[in-house]
């Protein structure tokens, strides 16, 4: 890096950010993170990247702390859950998945928010008293990270209900009713607590922003087509080749849905911005808001979170198609959507599942996906979002927290 | 049980009747209330481009509800504005918002209740869980709450946001309390009253409190508003629980003895226990054995449970009236008194 560029970077940072993190790093030459050096640097494995990152922000960061486990409501949930063991209710799967689900465990979301908080530091407008010195983040930012996890968990739990409309046949309806009741209430419990935690932060811009993320999550479950259990299927691929651009702004407005459907990349982006990118983006934006940073940096924070969530999703979408893996895959995962775009006749396989996705011949879909360029395209998709997320990181000064974020992104690559 | 009984007898002396006024709150608030549902629907419309979501989310905002929560919120707001500012007492736009938000939070919880209780009918039409996928219905409830939270945030008032988010927590905790029957006989009535506060009264009390905060009322007036709403809300639920035993399915828009069928022991049953201790085991097993619902229904009618419930409701209404009388005399303040009478004497 040339000296002039270095000085430029430093001075730019000093005007945008003036925080303990900066002060701390003032004499350290700024390192640019690029996609290639992040990728080819010592490639950390996922678990190590995450556990090292947790130490940086003072872990445990999960809301599954004693405070929550000791509440009456959660004790009640545990009691009811025990009754459900042995039944088929998907809530059990959700609960297990929340506690351990490889790269998608819930702690990771709060962790990202805390790392962004620490990497950005806070402005002089925020009194030092409000900082948790040992972790280098504000108490309010830690609360926001909890809110992020609560909102996300609440959504996953609500998604795990069983549809028991009169017209639907379900086995063991008694268990399913009990499971639905407890899933609905647990989700509501988390959501209502997130409302109170947010209200305590006394920042109405933030309340509005995070509420809009809850709205987006709810919206995600209405993007059609859906089967009888509300599982998503891809829309019929469109051949008009019409380009579709949105998602460039970070706004409180709802997303336009219909135009994205049938266009592989737009549809995938829409679905996953709604059910993941929006929450992580808005949380990152919100944490910069709490630290007193400029609107401009807040927008960059939003984009970072959104790109990271999408890179993450693309990574998860590829896993079931990796060599030797025969895992279940989602019909709206990127490989399937790209495969459909490449080979629209494949939609006849998808259509069989419009009532119930279990009627889809997954083995046949898998063969068609593997035969085409879809996996390569998904890899590119992940690369694009990883790159974009890393670029945003360069807005922040070099620090251990920033490195940890870069490591997490790098660990997502193969 | 013993404590609740002494509570009831202690106050048996003067039932007293409500003063009568020629004021109908729905008439004096006609202009304020006529657009409530339109406004809520348009707020929801602005927040989604998906018609399937919009349809579920607006299903209960069809204009056929009694809008009792918005009515109470606006009535109190106007009474307090008058109390404080006399002539300059127009309803603030933010107070109108609070009225809408109250109805939205209430409806979001109804939508989730319908999934939990597997209900068939509400307000004389098939309930949401019969018409739509339960996952979508649940998400539609979350959506209504999220839009309401955005509206709350836009009021840009830290205290109001705190007060209204407390309501959301109360609603959920009340629902949790309804799940368990671990409490002993002695604790049961207190448990029931706390549950009733959280599930019904908190929303009314805290929405009128918000209206008072927005009027910049002092602590004393704000507390009057809160307590008025709390007492009115408790009375409202007591009467609701009573009507579940007496009105016809047609008048309620839902079947009678619905609470018993859901395994819930409300005030009439809890009072009836004093005379018929055989109700205790039925309460503990949540009326699940064959014949329990019918037997309990019969015993409630044989006991003084309904009278005692009515009496307790009356106590709370009288307290609400006393509080309303602490506010400056105005048509809206009179309206608060009439509203308490409505609550006590409504037939459905």
Sorted by Cβ density within 10 Å, fewest first, the residues B:142, B:90
B:90, B:142
Given a Förster distance of 41 angstrom, what is the FRET efficiency for residue B:304 paired with residue B:262, based on the Cβ-Cβ distance and rounded to 0.05?
0.95
Would you list B:259, A:240, A:355 from fewest to most Cβ contacts within 10 Å?
A:240, A:355, B:259
Please find the FRET efficiency linking residue B:328 to residue A:125, where r is the Cβ-Cβ separation and R0 is fixed at 35 Å, and quote it to the nearest 0.05.
0.20
Label points 7 Å out from Cα along the Cβ direction at residue B:187 and residue B:218: separation in nm?
4.1
At 37 °C and a viscosity of 0.692 mPa s, what translational diffusion coefficient does Stokes-Einstein give for chain B, taking Rh as the Kirkwood radius over Cα pairs? Give it in µm²/s as a whole number.
158
Cut-off 17 Å, label 7 Å out along Cα→Cβ of residue B:247, residues of the range B:222-236 by amide N:
B:233-236
In µm²/s, what is D for the range A:256-320 at 37 °C and 0.692 mPa s, where D = kT/(6 pi eta Rh) by Stokes-Einstein and Rh is the Kirkwood radius from Cα pairs?
264
Name the most mobile residue of B:105, B:28, B:80, meaning the one with the largest mean-square fluctuation, in a Gaussian network model of chain B with Cα contacts below 10 Å.
B:28
Determine the relative contact order of chain B: mean sequence separation of Cα pairs under 8 Å and six or more apart, normalised by residue count, in whole percent.
22
Could you compute the FRET efficiency for residue A:171 and residue B:87, with r as their C-beta to C-beta distance and R0 at 56 Å, rounded to 0.05?
0.25
Quick one: order B:283, B:23 by neighbouring beta-carbon count within 10 Å, fewest to most.
B:23, B:283
Starting from one equal scatterer on each C-alpha and no solvent at all, send me the Debye-based log10 I(q)/I(0) for the range A:298-390 at q = 0.20, 0.26 Å⁻¹, two decimals.
-0.91, -1.27
Which length gain, in nm to one decimal place, applies between residue A:358 and residue A:139 when the Cα-Cα distance is subtracted from 0.36 nm times their residue separation?
74.2 nm
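Taken together, the values in this text are just the output of simple stated rules run on the coordinates, not laboratory data. Everything numeric in this text was worked out from a predicted model, so none of it was measured. Using ideal geometry, Cβ is built from the backbone for each residue, glycine included, and neighbour counts are taken over all protein chains shown.
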